[in-house]
Every structure is written in structure tokens, then in C-alpha cells.
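Read the structure below first, then the notes.
The values are calculated or read from the model by the stated rules, or taken from the named source; none is laboratory data. A quick note: this is a predicted structure, and the numbers were derived from the prediction, not measured. Here Cβ is always computed from backbone atoms with ideal geometry, including for glycine, and neighbour counts include all displayed protein chains.
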Protein chains: 2
Amino acid sequence: MDKTILNHYFHSLFPIEKGTVEKITLAFHYFELPKNACLLEANTISTETYFLEKGYMRSFILNEENEEVTTQIYVAPCFVNDFLSFFKQHPTKETFQTLTNCKYWKTGLTNVQSNFHTIPEFREFSRLLLVINYDKLNDRVIEMASQKAETRYLNLLKQKPDIFQNVSLKIIASYLGITDSTLSRIRKETSKM
Amino acid sequence: MDKTILNHYFHSLFPIEKGTVEKITLAFHYFELPKNACLLEANTISTETYFLEKGYMRSFILNEENEEVTTQIYVAPCFVNDFLSFFKQHPTKETFQTLTNCKYWKTGLTNVQSNFHTIPEFREFSRLLLVINYDKLNDRVIEMASQKAETRYLNLLKQKPDIFQNVSLKIIASYLGITDSTLSRIRKETSKM
DNA sequence: AGAAACACTTGATAAATGACAAGAAATTAC
DNA sequence: GTAATTTCTTGTCATTTATCAAGTGTTTCT
């Protein structure tokens, strides 16, 4: 199997020698999931870390009214993780679900731990992955707290335009923290501009 | 200087042998700041990591209208960091400011890096610190996207009751993503219940 | 002590968004 | 290919929250 995209992702985030990257990705295994499949279910413990090579997916939780609240939309290529569940071996709060057919690479916690403690570059990479994800989430909190729905929509449209061709508006709306009716109206308004 | 609280914080997050913790905190230095002082200014590069031993502080950004948006409220004891700025040596987006007199321990990036690469338990601790902070932020995004202001206020009141005695309502309001007038009305309403 | 700045509340009104329901359009299933 | 299901839009109306402005009380500064 061709690990070009996976290997390149490591390179792009932190400069690692080619041989070292290959050593790191040696224990990554390929698999695929069809559309609307479940990668990781709520209330289970995440035992693997996933690299999404191709496709779109999301994570969501159920609120008190049993409505699905989309917490994240993932666009390949990227790592997909419930960090707390994986590293602390806690049950997940969220469910991870494919939105299109998806291609993945996965590896287990044992392998991650072994690499983390023996390969300095992998340590740096791991930390950077967390730091970058933290920063993105922080930006999203700021946006949620200080921008109105229309601005958040326009930002998303600019940052991840392709999700609008691959993810239902209902899911995008719940990711933006609004109802699908409101998103529909916002789209109508902004398309005039 | 007494590093009891600092050392204990390491223990509480991840089980580390006493001697190892003392080795880790050896290069942490004590300092204090008065109320309304600036710990870390926007557009500078964070060169140190901070442990807040006592006091209250916040981070904030300026939005387009030059209004301060509080991004985080910190209650001792906890680590206070701009992760991206510190680990990637990028300029900060946020300003970190004391809200009361504060007591800190700090150490530089060189020391963190040295510990990270030589002390396995410190690596685990560092990752856990990031993971836990990521998870908290994630919970906040979910709350912002799915709960109304009154619910968010009541949750905050339950989780960090003491900030209401130590932080101005204006700052708490902007942390909740609402105006101070709205917070004032919510408090009036909920106090009747 | 007095002035200035700040924090908090409250009123009136407007804007943003949600709730619910119905219908059209697209997709999926058999 | 048709029925069933889901997605998206739109209308009406209710709720939530913002805006602006005024007034009171509190802190800070000199």
C-alpha cells in the first residue's frame, strides 16, 4: 500500500527525516469505510489513532433532547482522534462517523507510546499536532463567542468551501451552532451579495 | 521557596515519583504580579511557561471593533500557556492579564525541551496537560453551539463559583459570549429561582 | 475630599435566531 | 421506477440577545 500521503503529512507538520517517517508509519494499517459508517462510537474506549487520507467525516454528541450536535467536521488529509479517550483510555463522549466513503490509516496506542518514547521527532510531531488542534479549537471558541452566525458561515465557506459539496447543510448548521432553517436563510441572504 | 503546590500539581495530573517531580521543578522560578498586570502581551513570542499558584487571570483578544473578548479565565492552581506561541515560537494572538494579585512559577522553553526529551514521565505529563486542556475547550465549543446564555451562565456558576467574587461581570459576560447587560438580566432572572 | 473612571443595572427598542409546520426537491431503498 | 425517506426551503410567530442610553453605586487617583 502507498503511504505517500501519510508520510507527507508527517513531513509537512514537522521536519522529520524520510527514514524516520517511514519507521514511524511502518505500523500504520490501511482500511476503508463506506459512507455513513461509524469509526468510533460514543461510550467506547478509543484504542487506535486514525489518519483520514481521503473523504469527509464528523464527530457529534447527543444533547439532552437527543439531537445530534456536530462537534467537528474532518476534511482529509488529517488525523482524527478523540485525544482524551485515546491517551487516558476513557470512554468517548462523541461518535465519529463517515460522511462519504473514507480511506484511513490506523495504528494502536502501544505503537504510539513506543514511538513517543523512542523517537524524539515523533514526540515533537505529537505535541505539535495537539498544539495545532488546540489552537484551531480556540479560534472556534472565539468565533462562537464574538461573531454572529452569518460571519461564522462566511468564514467556514472561505476556509472549507468543499464541505458544502460533501456534507449536508443540516450537519453544517449544527456545527455552526444554528438551526438548518437559519442556515438556509443566511445562505439565501448572502448569495444575493 | 516552597514548591509544594507546584509539585503537587504534577502528581495530581499524572503519577510521578517524588524525586522526579523535584527534578522537573528544579528550574522553575517564583515571581509575583499585582492586579491588572500583563503576563504576556499580544504579538510577542512566549518564551516561558507559567504555573499560576495563586490568583485569578484571563486571556483576551481584541475584535474588529477593538473590544476585548475574554478567551479564558484562569483559576489557580493551573498552568497558563499560549501553547502555540510557546511551542512553535509564534507571536501570540492573545494578551494574558492578572485580575487579582498573582503568584507564579515559570520556566523557559529550553528547560521544558530538555525535560521533555529526557524524562519520560514529564513527556506523559505534558501530553496529558494538552489533552485535558483540549478536552475542556471542546466542551466549551459544544456548550457555545448548543446551549443558550442562561444555561452557560448557570454551568459556569456551578463550575467556577469563586470567579464571581473575583472577576468583574463584564469580563465574565464576554467569556460567556454575551453582553454585560444580558448577563445582568440573566442574573436577575435566575436569582429569583 | 473631590473628580474621574469604571462597574453594574435597567428601560425601550431592534436585530438575530429558534420553533414549528408545510411543501418542494433530491436521494435512497426495494 | 415508484414509494419512502431525507434534505432543503420558506412562512409565521415566539424567544433570545444586542444596542443604546441613562442612572446609580463603587473604586481609583491625586
### Query
On the given criteria, is A:Ile73 within 14 Å of the chain's Cα centre (by Cα), under 16 Å from A:Tyr175 (Cβ atoms) and either touching a residue at least 12 places away in the same chain (Cβ under 8 Å) or within 14 Å of another protein chain (Cβ to nearest Cβ) (or both)?
yes
### Summary
If we ask which residues in the stretch B:42-83 are in a strand (DSSP E or B) and over 25 Å from A:Glu143 (Cα atoms), their number turns out to be 7
### Query
Among the listed residues A:Tyr175, A:Tyr104, which satisfies the condition of being crowded, with 20+ Cβ neighbours inside 10 Å and either in contact with a Gly (Cβ under 7 Å, 6 or more places away or on another chain) or more than 17 Å from A:Tyr9 (Cα to Cα) (or both)?
A:Tyr175
### Message
Please go through the stretch B:147-165 and give me each residue that is part of a helix (DSSP H, G or I) and either more than 12 Å from DNA strand D (Cβ to nearest atom) or at pLDDT below 95 (or both), ordered by number.
### Response
B:Asn155, B:Leu156, B:Leu157, B:Lys158, B:Gln159, B:Ile163, B:Phe164, B:Gln165
### Task
Would you point out which residue out of B:Ser146, B:Ser126, B:Ser181 is without any contact (Cβ under 8 Å) to a residue 24 or more places away in the chain and more than 14 Å from every other protein chain (Cβ to nearest Cβ)?
B:Ser181
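More than 9 Å from chain A (Cβ to nearest Cβ), surrounded by 18 or more Cβ atoms within 10 Å (Cβ to Cβ) and of a type in the set (Phe, Trp, Tyr), is that true of B:Phe96?
yes
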#### Entry: Residue selected from the stretch A:41-51 under the condition surrounded by fewer than 22 Cβ atoms within 10 Å (Cβ to Cβ) and of a type in the set (A, V, I, L, M, F, W, C), by the criterion farthest from A:Asn101 (Cα to Cα)
A:Ile45
### Task
State all residues of the stretch A:149-178 that are within 13 Å of DNA strand C (Cβ to nearest atom), away from chain B (no Cβ under 11 Å) and of a type in the set (Lys, Arg); if no residue qualifies, say none.
A:Lys170
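Considering the stretch B:184-193 alone, what residues qualify as being touching a residue at least 12 places away in the same chain (Cβ under 8 Å) and within 8 Å of DNA strand C (Cβ to nearest atom)? Spell out how you get there, then give the answer.
Filtering the stretch B:184-193 down to residues touching a residue at least 12 places away in the same chain (Cβ under 8 Å) leaves B:184, B:186-187, B:189-190.
Scanning the stretch B:184-193 gives B:Ser184, B:Arg187.
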### Query
Quick one: A:Phe116 ticks every box in (1) within 30 Å of B:Ser59 (Cα to Cα); (2) of a type in the set (Phe, Trp, Tyr); (3) part of a helix (DSSP H, G or I); (4) away from DNA strand D (no atom under 13 Å from the Cβ) bar one, so which box is it?
(1)
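Got a sec? Which of A:Lys35, A:Lys23 is in the same structural domain as A:Asn133 (by TED's automatic domain parsing), assigned to a loop (DSSP other than H, G, I, E, B) and surrounded by 13 or more Cβ atoms within 10 Å (Cβ to Cβ)?
It is A:Lys35.
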